[in-house]
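K.L.:
Encoded as C-alpha coordinates, here's the structure I'll be asking about.
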Amino acid sequence: MKKSIIGMLAASAMAVCAGAGAATPPAQSGNSQAVLLQGFHWNSSGYRSPNWYNILLGNVGDLKTMGFTHVWFPPPSDSAASQGYLPRQLNVLSSSYGSSAELTNVVRAFTNNGIKAVADIVVNHRVGTTNWSDFTNPNWTLHTIVNNDECNCGLGNPDTALGFDGGRDLDHRNVGEVQNGIVTWLNHTLKPVGFSGMRIDYVRGFSPSYAGQYANAFGAEFCVGELWNDMNLNDIDAHRQEIMNWINGTGNSCGAFDFTTKGLLNDALANGNYWRLRDASGKPQGALGWWPAMSVTFVDNHDTGPSESCGNGQNYWSVPCGSVMEGYAYVLSHPGIPTVYYPHIYNWNLKTPISALMAARRTAGVHSTSPVAIQQATQGLYAAIINGNTRQLAMKIGPNSWSPAGSGWVLQTSGNHYAVWIK
(Lines give C-alpha, C1' and ligand atoms only; values in the text may rest on other atoms or scores of the structure.)
Protein backbone atom coordinates (compact mmCIF):
# COMPACT_ATOMS: atom_id res chain seq x y z
CA MET A 1 0.00 0.00 0.00
CA LYS A 2 1.38 3.41 -0.91
CA LYS A 3 1.83 6.09 1.71
CA SER A 4 -0.81 8.26 0.04
CA ILE A 5 -3.38 5.50 0.46
CA ILE A 6 -2.41 5.20 4.11
CA GLY A 7 -3.13 8.91 4.41
CA MET A 8 -6.64 8.32 3.10
CA LEU A 9 -7.01 5.44 5.51
CA ALA A 10 -5.94 7.65 8.39
CA ALA A 11 -8.47 10.28 7.41
CA SER A 12 -11.37 7.89 7.09
CA ALA A 13 -10.53 4.83 9.17
CA MET A 14 -14.09 4.37 10.33
CA ALA A 15 -15.36 4.42 6.75
CA VAL A 16 -12.85 1.71 5.85
CA CYS A 17 -13.94 -0.38 8.83
CA ALA A 18 -17.58 0.01 7.90
CA GLY A 19 -16.82 -1.02 4.35
CA ALA A 20 -15.24 -4.27 5.54
CA GLY A 21 -18.71 -5.66 6.26
CA ALA A 22 -19.17 -8.84 8.24
CA ALA A 23 -15.49 -9.73 7.93
CA THR A 24 -14.51 -7.15 10.55
CA PRO A 25 -14.69 -8.69 14.04
CA PRO A 26 -17.53 -7.10 16.04
CA ALA A 27 -15.23 -6.04 18.87
CA GLN A 28 -13.10 -4.12 16.35
CA SER A 29 -15.76 -2.46 14.22
CA GLY A 30 -15.40 0.84 16.10
CA ASN A 31 -16.66 2.52 19.28
CA SER A 32 -15.69 -0.58 21.27
CA GLN A 33 -15.16 -0.35 25.02
CA ALA A 34 -13.26 -3.64 25.06
CA VAL A 35 -10.33 -4.06 27.43
CA LEU A 36 -8.21 -7.20 27.00
CA LEU A 37 -6.44 -9.09 29.78
CA GLN A 38 -3.39 -11.15 28.87
CA GLY A 39 -4.22 -14.00 31.22
CA PHE A 40 -0.74 -15.50 31.56
CA HIS A 41 2.97 -14.68 31.48
CA TRP A 42 6.15 -16.41 30.35
CA ASN A 43 6.47 -18.45 33.55
CA SER A 44 2.81 -19.43 33.86
CA SER A 45 3.41 -22.94 32.54
CA GLY A 46 4.92 -26.06 34.05
CA TYR A 47 6.73 -26.27 37.37
CA ARG A 48 6.91 -22.50 37.90
CA SER A 49 3.12 -22.14 38.03
CA PRO A 50 1.44 -25.55 38.28
CA ASN A 51 -2.29 -25.69 37.54
CA TRP A 52 -2.34 -22.26 35.88
CA TYR A 53 -5.91 -22.67 34.69
CA ASN A 54 -7.05 -23.15 38.28
CA ILE A 55 -5.06 -20.11 39.42
CA LEU A 56 -6.78 -18.07 36.73
CA LEU A 57 -10.14 -19.55 37.71
CA GLY A 58 -9.74 -18.20 41.22
CA ASN A 59 -9.55 -14.64 39.91
CA VAL A 60 -12.52 -14.62 37.51
CA GLY A 61 -14.76 -12.62 39.85
CA ASP A 62 -11.98 -10.15 40.62
CA LEU A 63 -11.25 -9.59 36.93
CA LYS A 64 -14.95 -9.11 36.17
CA THR A 65 -15.10 -6.40 38.85
CA MET A 66 -12.10 -4.67 37.28
CA GLY A 67 -14.06 -4.43 34.03
CA PHE A 68 -12.28 -6.71 31.56
CA THR A 69 -14.30 -7.72 28.52
CA HIS A 70 -11.86 -10.24 26.98
CA VAL A 71 -9.19 -12.58 28.31
CA TRP A 72 -6.33 -13.89 26.17
CA PHE A 73 -5.42 -17.48 27.04
CA PRO A 74 -2.05 -19.13 26.35
CA PRO A 75 -1.78 -21.63 23.47
CA PRO A 76 -4.21 -24.40 24.42
CA SER A 77 -2.74 -27.41 22.61
CA ASP A 78 -0.08 -29.94 23.53
CA SER A 79 3.35 -28.46 22.80
CA ALA A 80 7.01 -29.44 22.80
CA ALA A 81 7.73 -26.21 24.70
CA SER A 82 5.98 -25.64 28.01
CA GLN A 83 4.86 -22.13 27.00
CA GLY A 84 2.86 -23.64 24.13
CA TYR A 85 4.54 -22.05 21.12
CA LEU A 86 5.83 -25.30 19.56
CA PRO A 87 2.47 -27.00 18.91
CA ARG A 88 2.64 -30.76 18.62
CA GLN A 89 -0.79 -32.41 18.86
CA LEU A 90 -3.32 -29.71 18.04
CA ASN A 91 -6.33 -31.73 19.11
CA VAL A 92 -4.92 -32.54 22.55
CA LEU A 93 -5.89 -29.70 24.89
CA SER A 94 -4.07 -30.94 27.96
CA SER A 95 -0.90 -28.86 28.32
CA SER A 96 1.55 -27.58 30.90
CA TYR A 97 -1.10 -25.02 31.89
CA GLY A 98 -3.58 -27.69 32.97
CA SER A 99 -5.90 -30.40 31.73
CA SER A 100 -8.50 -30.16 28.99
CA ALA A 101 -11.24 -30.29 31.63
CA GLU A 102 -9.61 -27.47 33.61
CA LEU A 103 -9.32 -25.37 30.45
CA THR A 104 -12.99 -25.87 29.65
CA ASN A 105 -13.92 -25.04 33.23
CA VAL A 106 -12.04 -21.72 33.36
CA VAL A 107 -13.13 -20.60 29.88
CA ARG A 108 -16.75 -21.22 30.76
CA ALA A 109 -16.34 -19.42 34.07
CA PHE A 110 -15.14 -16.32 32.22
CA THR A 111 -17.82 -16.48 29.54
CA ASN A 112 -20.52 -17.01 32.16
CA ASN A 113 -19.30 -13.78 33.75
CA GLY A 114 -19.49 -11.85 30.49
CA ILE A 115 -15.77 -12.02 29.63
CA LYS A 116 -15.02 -13.44 26.18
CA ALA A 117 -12.21 -15.97 25.77
CA VAL A 118 -9.44 -15.40 23.20
CA ALA A 119 -7.27 -18.38 22.19
CA ASP A 120 -3.60 -18.02 21.30
CA ILE A 121 -3.45 -19.55 17.81
CA VAL A 122 -0.06 -20.91 16.68
CA VAL A 123 -0.42 -22.08 13.08
CA ASN A 124 2.76 -20.83 11.43
CA HIS A 125 4.53 -24.04 12.40
CA ARG A 126 4.23 -27.45 14.08
CA VAL A 127 6.66 -30.00 15.51
CA GLY A 128 6.58 -33.76 15.26
CA THR A 129 5.65 -36.21 17.98
CA THR A 130 8.84 -38.31 17.95
CA ASN A 131 10.92 -36.53 15.30
CA TRP A 132 10.95 -33.29 13.33
CA SER A 133 8.06 -34.02 11.06
CA ASP A 134 5.78 -36.87 12.19
CA PHE A 135 2.63 -34.83 12.75
CA THR A 136 -0.02 -36.64 14.78
CA ASN A 137 -3.48 -35.78 16.05
CA PRO A 138 -4.25 -34.59 13.45
CA ASN A 139 -2.01 -36.72 11.26
CA TRP A 140 -0.51 -34.65 8.45
CA THR A 141 1.88 -35.69 5.69
CA LEU A 142 5.15 -34.11 4.55
CA HIS A 143 3.12 -32.22 1.93
CA THR A 144 2.02 -29.87 4.77
CA ILE A 145 5.62 -28.65 5.23
CA VAL A 146 6.97 -25.94 2.93
CA ASN A 147 9.61 -27.17 0.51
CA ASN A 148 12.16 -24.59 1.68
CA ASP A 149 12.01 -25.55 5.37
CA GLU A 150 15.41 -26.10 6.98
CA CYS A 151 14.51 -29.75 7.64
CA ASN A 152 14.85 -30.47 3.90
CA CYS A 153 11.89 -32.79 4.35
CA GLY A 154 8.97 -30.66 3.14
CA LEU A 155 7.05 -31.65 0.03
CA GLY A 156 4.73 -28.64 -0.06
CA ASN A 157 4.86 -25.27 -1.77
CA PRO A 158 7.38 -22.51 -0.93
CA ASP A 159 6.75 -20.51 2.24
CA THR A 160 4.52 -17.45 1.83
CA ALA A 161 6.56 -15.27 4.21
CA LEU A 162 9.46 -15.55 6.68
CA GLY A 163 10.79 -18.88 7.89
CA PHE A 164 10.88 -20.01 11.51
CA ASP A 165 13.61 -22.45 12.49
CA GLY A 166 12.01 -23.58 15.75
CA GLY A 167 9.50 -25.82 13.98
CA ARG A 168 8.37 -27.01 10.59
CA ASP A 169 6.84 -24.16 8.62
CA LEU A 170 3.39 -25.10 7.39
CA ASP A 171 2.30 -24.84 3.77
CA HIS A 172 -0.83 -22.70 4.04
CA ARG A 173 -1.45 -23.14 0.32
CA ASN A 174 -2.29 -26.77 1.13
CA VAL A 175 -6.09 -26.78 1.20
CA GLY A 176 -6.86 -30.37 2.11
CA GLU A 177 -4.62 -30.90 5.12
CA VAL A 178 -3.46 -27.49 6.39
CA GLN A 179 -6.32 -25.09 5.64
CA ASN A 180 -9.10 -27.58 6.29
CA GLY A 181 -7.21 -29.04 9.23
CA ILE A 182 -6.78 -25.67 10.93
CA VAL A 183 -10.42 -24.71 10.35
CA THR A 184 -11.56 -28.07 11.72
CA TRP A 185 -9.35 -27.62 14.79
CA LEU A 186 -10.73 -24.13 15.38
CA ASN A 187 -14.37 -25.05 14.98
CA HIS A 188 -14.49 -28.57 16.38
CA THR A 189 -11.80 -28.52 19.09
CA LEU A 190 -11.53 -24.91 20.32
CA LYS A 191 -15.00 -23.50 19.74
CA PRO A 192 -16.74 -26.17 21.87
CA VAL A 193 -14.51 -25.13 24.78
CA GLY A 194 -16.00 -21.65 24.56
CA PHE A 195 -13.38 -19.63 22.69
CA SER A 196 -14.80 -16.84 20.53
CA GLY A 197 -11.69 -14.80 19.71
CA MET A 198 -8.16 -15.39 18.50
CA ARG A 199 -4.68 -13.97 18.96
CA ILE A 200 -2.53 -15.20 16.07
CA ASP A 201 1.12 -15.85 16.84
CA TYR A 202 4.06 -14.93 14.60
CA VAL A 203 2.08 -13.62 11.65
CA ARG A 204 5.32 -12.61 9.95
CA GLY A 205 5.63 -16.28 8.96
CA PHE A 206 2.72 -16.59 6.51
CA SER A 207 0.57 -14.48 4.25
CA PRO A 208 -2.02 -12.33 6.07
CA SER A 209 -4.72 -13.60 3.72
CA TYR A 210 -4.65 -16.93 5.56
CA ALA A 211 -5.02 -15.23 8.92
CA GLY A 212 -8.14 -13.53 7.58
CA GLN A 213 -9.41 -16.80 6.13
CA TYR A 214 -9.06 -18.60 9.46
CA ALA A 215 -10.63 -15.72 11.41
CA ASN A 216 -13.62 -15.69 9.10
CA ALA A 217 -14.02 -19.47 9.16
CA PHE A 218 -13.97 -19.33 12.97
CA GLY A 219 -16.37 -16.38 13.06
CA ALA A 220 -13.97 -14.56 15.36
CA GLU A 221 -15.62 -11.94 17.56
CA PHE A 222 -12.13 -10.54 18.23
CA CYS A 223 -8.93 -11.13 16.25
CA VAL A 224 -5.43 -9.70 16.73
CA GLY A 225 -2.15 -10.59 15.04
CA GLU A 226 1.35 -10.42 16.48
CA LEU A 227 3.30 -8.48 13.85
CA TRP A 228 6.50 -7.67 15.75
CA ASN A 229 9.13 -6.12 13.48
CA ASP A 230 12.28 -4.10 14.03
CA MET A 231 11.60 -0.45 14.67
CA ASN A 232 13.49 2.61 13.48
CA LEU A 233 12.51 5.56 15.68
CA ASN A 234 13.46 7.87 12.84
CA ASP A 235 10.99 6.26 10.42
CA ILE A 236 7.81 5.67 12.41
CA ASP A 237 5.48 5.86 9.42
CA ALA A 238 7.14 2.85 7.76
CA HIS A 239 6.62 0.81 10.93
CA ARG A 240 2.95 1.59 11.33
CA GLN A 241 2.36 1.36 7.57
CA GLU A 242 3.49 -2.25 7.77
CA ILE A 243 0.85 -2.86 10.44
CA MET A 244 -1.80 -1.24 8.23
CA ASN A 245 -0.71 -3.38 5.29
CA TRP A 246 -1.02 -6.54 7.35
CA ILE A 247 -4.52 -5.64 8.58
CA ASN A 248 -5.60 -4.88 5.01
CA GLY A 249 -4.01 -8.17 3.91
CA THR A 250 -6.37 -10.07 6.21
CA GLY A 251 -9.30 -8.44 4.43
CA ASN A 252 -9.72 -6.30 7.57
CA SER A 253 -10.68 -9.47 9.43
CA CYS A 254 -7.99 -9.03 12.11
CA GLY A 255 -6.54 -6.15 14.04
CA ALA A 256 -2.92 -6.04 15.17
CA PHE A 257 -0.95 -5.33 18.30
CA ASP A 258 0.29 -1.75 18.17
CA PHE A 259 4.02 -2.43 18.38
CA THR A 260 4.64 1.08 17.06
CA THR A 261 3.07 2.65 20.14
CA LYS A 262 4.90 0.11 22.30
CA GLY A 263 8.27 1.19 20.92
CA LEU A 264 7.41 4.87 21.29
CA LEU A 265 6.38 4.36 24.92
CA ASN A 266 9.63 2.51 25.59
CA ASP A 267 11.60 5.52 24.40
CA ALA A 268 9.40 8.14 26.04
CA LEU A 269 9.40 6.45 29.42
CA ALA A 270 13.11 5.60 29.35
CA ASN A 271 14.46 8.84 27.89
CA GLY A 272 11.78 11.49 28.43
CA ASN A 273 11.06 11.76 24.68
CA TYR A 274 7.31 12.26 25.08
CA TRP A 275 7.29 14.37 21.94
CA ARG A 276 7.51 11.13 19.97
CA LEU A 277 3.90 10.34 20.92
CA ARG A 278 2.49 13.00 18.57
CA ASP A 279 2.83 12.85 14.79
CA ALA A 280 3.08 15.76 12.37
CA SER A 281 -0.69 15.90 11.95
CA GLY A 282 -1.26 16.21 15.70
CA LYS A 283 -2.54 12.65 16.14
CA PRO A 284 -1.13 9.86 18.30
CA GLN A 285 2.00 8.60 16.59
CA GLY A 286 1.36 4.86 16.75
CA ALA A 287 -0.91 2.61 14.72
CA LEU A 288 -3.78 3.88 16.87
CA GLY A 289 -3.34 7.30 15.25
CA TRP A 290 -4.19 5.81 11.85
CA TRP A 291 -6.65 3.02 12.62
CA PRO A 292 -7.53 2.94 16.33
CA ALA A 293 -10.41 0.46 16.05
CA MET A 294 -7.98 -2.23 14.84
CA SER A 295 -5.05 -1.29 17.10
CA VAL A 296 -4.53 -3.34 20.25
CA THR A 297 -2.25 -1.42 22.59
CA PHE A 298 -0.14 -2.75 25.46
CA VAL A 299 2.62 -1.82 27.89
CA ASP A 300 4.40 -5.18 28.04
CA ASN A 301 3.55 -8.81 27.32
CA HIS A 302 4.99 -12.30 27.88
CA ASP A 303 7.69 -11.73 25.24
CA THR A 304 8.68 -8.12 25.74
CA GLY A 305 8.71 -7.67 29.49
CA PRO A 306 9.43 -9.16 32.88
CA SER A 307 6.98 -11.60 34.41
CA GLU A 308 6.63 -11.99 38.20
CA SER A 309 9.11 -9.24 39.01
CA CYS A 310 11.48 -6.78 37.35
CA GLY A 311 14.16 -8.67 35.44
CA ASN A 312 12.33 -11.99 35.62
CA GLY A 313 11.02 -13.57 32.41
CA GLN A 314 11.74 -12.82 28.78
CA ASN A 315 12.42 -9.10 29.27
CA TYR A 316 13.40 -8.45 25.65
CA TRP A 317 11.92 -5.01 24.97
CA SER A 318 10.38 -3.69 28.16
CA VAL A 319 9.42 -0.30 29.50
CA PRO A 320 11.42 0.74 32.58
CA CYS A 321 10.03 -1.18 35.56
CA GLY A 322 9.34 1.99 37.52
CA SER A 323 7.33 3.48 34.65
CA VAL A 324 4.79 0.70 34.09
CA MET A 325 1.91 2.75 35.52
CA GLU A 326 2.81 5.68 33.27
CA GLY A 327 2.44 3.31 30.34
CA TYR A 328 -0.98 2.21 31.57
CA ALA A 329 -2.05 5.83 32.08
CA TYR A 330 -1.45 6.24 28.34
CA VAL A 331 -2.98 3.06 26.88
CA LEU A 332 -5.97 2.95 29.25
CA SER A 333 -6.90 6.56 28.52
CA HIS A 334 -6.48 6.47 24.75
CA PRO A 335 -8.40 4.92 21.86
CA GLY A 336 -7.54 1.50 20.53
CA ILE A 337 -8.22 -1.67 22.50
CA PRO A 338 -5.90 -1.65 25.53
CA THR A 339 -4.32 -4.76 27.03
CA VAL A 340 -3.36 -5.32 30.67
CA TYR A 341 -0.68 -7.88 31.58
CA TYR A 342 -1.68 -10.38 34.29
CA PRO A 343 1.48 -10.20 36.45
CA HIS A 344 1.23 -6.42 36.66
CA ILE A 345 -2.06 -6.91 38.49
CA TYR A 346 -1.19 -9.78 40.81
CA ASN A 347 2.60 -10.05 41.00
CA TRP A 348 3.55 -6.40 40.84
CA ASN A 349 0.68 -5.40 43.17
CA LEU A 350 -0.67 -2.83 40.73
CA LYS A 351 -4.29 -3.98 40.83
CA THR A 352 -5.52 -0.86 42.67
CA PRO A 353 -3.96 1.80 40.39
CA ILE A 354 -4.78 -0.19 37.22
CA SER A 355 -8.38 -0.59 38.42
CA ALA A 356 -8.59 3.15 38.98
CA LEU A 357 -7.46 3.87 35.41
CA MET A 358 -9.91 1.32 34.01
CA ALA A 359 -12.71 2.89 36.06
CA ALA A 360 -11.86 6.35 34.73
CA ARG A 361 -11.93 5.02 31.15
CA ARG A 362 -15.31 3.41 31.79
CA THR A 363 -16.78 6.44 33.55
CA ALA A 364 -15.80 8.78 30.72
CA GLY A 365 -17.01 6.29 28.11
CA VAL A 366 -13.67 6.24 26.29
CA HIS A 367 -13.85 3.76 23.41
CA SER A 368 -11.65 2.39 20.67
CA THR A 369 -12.24 5.32 18.31
CA SER A 370 -12.54 8.21 20.78
CA PRO A 371 -11.14 11.51 19.46
CA VAL A 372 -7.85 12.67 20.99
CA ALA A 373 -6.79 16.31 21.34
CA ILE A 374 -3.11 16.33 22.26
CA GLN A 375 -2.33 19.33 24.48
CA GLN A 376 1.40 18.87 25.03
CA ALA A 377 4.04 16.54 23.58
CA THR A 378 7.46 17.79 24.64
CA GLN A 379 10.56 16.60 26.43
CA GLY A 380 9.30 15.47 29.83
CA LEU A 381 5.56 15.85 29.20
CA TYR A 382 2.67 14.40 27.24
CA ALA A 383 -0.89 15.57 27.89
CA ALA A 384 -4.15 14.97 26.04
CA ILE A 385 -7.91 15.34 26.31
CA ILE A 386 -9.96 12.38 25.10
CA ASN A 387 -13.68 12.66 24.33
CA GLY A 388 -15.63 9.69 25.60
CA ASN A 389 -19.23 8.73 24.96
CA THR A 390 -20.38 10.48 28.11
CA ARG A 391 -17.64 12.76 29.44
CA GLN A 392 -14.19 14.13 28.74
CA LEU A 393 -11.02 12.61 30.13
CA ALA A 394 -7.75 14.53 30.54
CA MET A 395 -4.44 12.84 31.23
CA LYS A 396 -0.76 13.60 31.55
CA ILE A 397 2.38 11.51 31.81
CA GLY A 398 5.94 12.64 32.38
CA PRO A 399 7.84 14.43 35.18
CA ASN A 400 6.79 17.92 34.09
CA SER A 401 3.68 19.42 35.66
CA TRP A 402 0.41 19.97 33.77
CA SER A 403 -3.29 20.16 34.52
CA PRO A 404 -6.28 20.76 32.23
CA ALA A 405 -7.43 24.34 31.77
CA GLY A 406 -10.89 25.50 32.76
CA SER A 407 -13.30 24.51 35.50
CA GLY A 408 -15.10 21.27 36.19
CA TRP A 409 -12.16 18.89 36.01
CA VAL A 410 -12.00 16.36 38.86
CA LEU A 411 -8.85 14.36 39.52
CA GLN A 412 -9.68 10.65 39.31
CA THR A 413 -6.34 9.00 39.95
CA SER A 414 -2.65 9.86 39.96
CA GLY A 415 0.73 8.37 40.70
CA ASN A 416 4.40 8.78 39.91
CA HIS A 417 4.52 10.96 36.76
CA TYR A 418 0.89 10.44 35.75
CA ALA A 419 -2.57 11.87 36.47
CA VAL A 420 -6.09 11.48 35.05
CA TRP A 421 -9.05 13.89 35.34
CA ILE A 422 -12.67 13.72 34.20
CA LYS A 423 -15.13 16.50 33.38
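K.L.:
Using just the helices of the chain, give the 222 nm mean residue ellipticity in deg cm²/dmol: DSSP H runs with n ≥ 4 each add -39,500 (n - 2.57), and the total is spread over all residues, rounded to 500.
P.N.:
After summing the helix terms and dividing by the residues of the chain, the value is -7500 deg cm²/dmol.
K.L.:
Please give me the summed charge of the neighbours of ALA287: other residues whose Cβ is under 9 Å from its Cβ, Lys and Arg +1, Asp and Glu -1.
P.N.:
Summing Lys/Arg as +1 and Asp/Glu as -1 gives 0.
K.L.:
Here is a further query. With every protein chain present, what is the per residue accessible area of the range 26-370 (1.4 Å probe, Å²)?
P.N.:
Result: 32 Å² per residue.
K.L.:
For the range 57-152, how big is the tail of P(r) above 23 Å, as a whole percent of Cα pairs?
P.N.:
36 percent
K.L.:
Which value results when the Cα radius of gyration for the range 236-360 is divided by 2.2 N^0.38 Å?
P.N.:
Taking N as the residue count of the range 236-360, the ratio is 1.04.
K.L.:
What residues qualify as long-range amide H neighbours of ALA80, i.e. H under 5 Å apart, gap of 5 or more or another chain, H built at 1.01 Å from N?
P.N.:
Under 5 Å from the amide H of ALA80 lie the amide H atoms of LEU86, ARG88, each far enough along the sequence or on another chain.
K.L.:
Would you grab the residues whose amide H sits under 5 Å from the one on THR413? Only those 5+ places off in sequence or on another chain, please, with H modelled 1.01 Å from N.
P.N.:
The answer is VAL420.
K.L.:
Which cross-chain or sequence-distant (5 or more) residues have an amide H under 5 Å from the amide H of GLN392, H modelled 1.01 Å from N in plane?
P.N.:
Hits under the 5 Å cutoff: LYS423.
K.L.:
For labels at GLN376 and CYS321 in the simple 7 Å Cα→Cβ model, what's the distance in nm?
P.N.:
Label at GLN376, label at CYS321, 2.9 nm between them.
K.L.:
Going through the range 93-192, which trypsin sites (Lys or Arg not before Pro) have at most 16 other Cβ atoms within 10 Å and a DSSP loop state?
P.N.:
Within the range 93-192, the qualifying trypsin sites (Lys or Arg not before Pro) (loop, at most 16 other Cβ atoms within 10 Å) are ARG173.
K.L.:
Report the local net charge at LEU170: Lys and Arg +1, Asp and Glu -1, summed over other residues whose C-beta lies under 12 Å from its C-beta.
P.N.:
-2
K.L.:
Considering only protein heavy atoms and a 1.4 Å probe, what is the carbon-and-sulfur percentage of the accessible area of the chain?
P.N.:
50 percent
K.L.:
Taking Cα pairs under 8 Å and at least six residues apart, what relative contact order does the chain come out at, in percent?
P.N.:
It comes to 15 percent, rounded to a whole number.
K.L.:
Another question, then. So in the chain, what percent of DSSP beta bridges are antiparallel if you round to the nearest 5?
P.N.:
The antiparallel fraction comes to roughly 55 percent.
K.L.:
Considering the convex hull of the alpha carbon atoms of the range 26-370, report its projected area averaged over all viewing directions, in nm², one decimal.
P.N.:
Over all viewing directions, the range 26-370 projects a mean Cα-hull area of 15.9 nm².
K.L.:
Here is a further query. Subtracting the Cα-Cα distance from 0.36 nm times the residue separation, let me have the gained length for SER99 to HIS143 in nm, one decimal.
P.N.:
12.7 nm
K.L.:
Moving on. Would you mind counting up the charge near ASN157? Only other residues with Cβ under 15 Å from its Cβ, with Lys and Arg at +1 and Asp and Glu at -1.
P.N.:
Spelling it out: positives minus negatives among the neighbours equals -3.
The values are calculated or read from the model by the stated rules, or taken from the named source; none is laboratory data. Note that this is a predicted model, so its numbers are computed, not measured. As a convention, Cβ positions derive from the backbone with ideal geometry for all residues, glycine included, and neighbour counts pool all protein chains shown. Surface areas here come from the heavy atoms of the whole protein model, side chains and all, with no ligands, DNA or RNA. Shrake-Rupley method; radii C 1.70, N 1.55, O 1.52, S 1.80 Å.
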